[in-house]
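These notes are about the structure you will find just below.
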Amino acid sequence: MTDNSSALRSGLSLLLESEGDARFLLQHVCDYLLENIENCDWAGYYLVDPYCKDELFLGPYAGEPTDHVRIGFGEGICGQAAASGKTFVIADVKIESNYLSCSPEVRSEIVVPVFLNHVLIGEIDLDSHLQGGFSREDRILLEWLAGFTSELAEQLRKGVAEN
Ligand code: SME
């Protein structure tokens, strides 16, 4: 497999230098991930609700709409990643008992927590229609991206809460 991580990092860094508010920029990040990460069929941000700190709400995403617009900590893969603060790489969602299905076509998923000043503020979630769709390189890239976009995620989270 070709490791194009540095090209992806450059593309994302360049994109994040554009003018625009947090929602606009994170939407473009999701579109970029869907377009450029091999095997990716859905990419989105979930953010921790500032008023209900054990719930995530759906932020910008690219791909088919999902029913899971709010997810409690501990529920599904996203909720488990939020509760533990750890990255989850699920090679086969069909063998997971605590899993929320976004689409019957999804076979694998990666969820990476987003921290700001050591506080969990959200996560990046990618789905694939392929079993074992995500690699170690994807994980490293997404963990870098989580740090790189944490300020934007926080601006969006707080902005949504203030509206
Ligand atoms: N599969 C996730 C829910 C989010 S959708 O995939 C977009 C989960 O189990 O938490």
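Output the residues belonging to the stretch 95-154 that are part of a loop (DSSP other than H, G, I, E, B), closer than 26 Å to Ala22 by Cα and modelled with pLDDT of 95 or more.
Quick first cut of the stretch 95-154, residues part of a loop (DSSP other than H, G, I, E, B) only: 96-107, 117-118, 129-135, 149.
When the remaining residues are screened for being closer than 26 Å to Ala22 by Cα, the result is 102, 117-118, 149.
Across the stretch 95-154, the qualifying residues are Asn117, His118, Thr149.
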Members of the stretch 44-68 found to be within 12 Å of the ligand (Cβ to nearest atom), farther than 12 Å from Asp127 by Cβ and over 13 Å from the mean Cα position of the chain (by Cα), listed by number = Pro65, Asp67
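Residue-wise test of (1) in contact with a helix residue (DSSP H, G or I) (Cβ under 9 Å, 6 or more places away or on another chain); (2) part of a helix (DSSP H, G or I); (3) over 20 Å from His129 (Cβ atoms).
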| site | (1), (2), (3) |
| --- | --- |
| Ala7 | yes, yes, yes |
| Ser13 | yes, yes, yes |
| Cys30 | no, yes, no |
| Leu33 | yes, yes, no |
| Leu47 | yes, no, yes |
| Gly59 | yes, no, yes |
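The values are calculated or read from the model by the stated rules, or taken from the named source; none is laboratory data. Computed from a prediction, not measured in an experiment: that's the story for all the values here. So basically every Cβ, Gly included, is an ideal-geometry build from the backbone, and we count neighbours across all protein chains shown.
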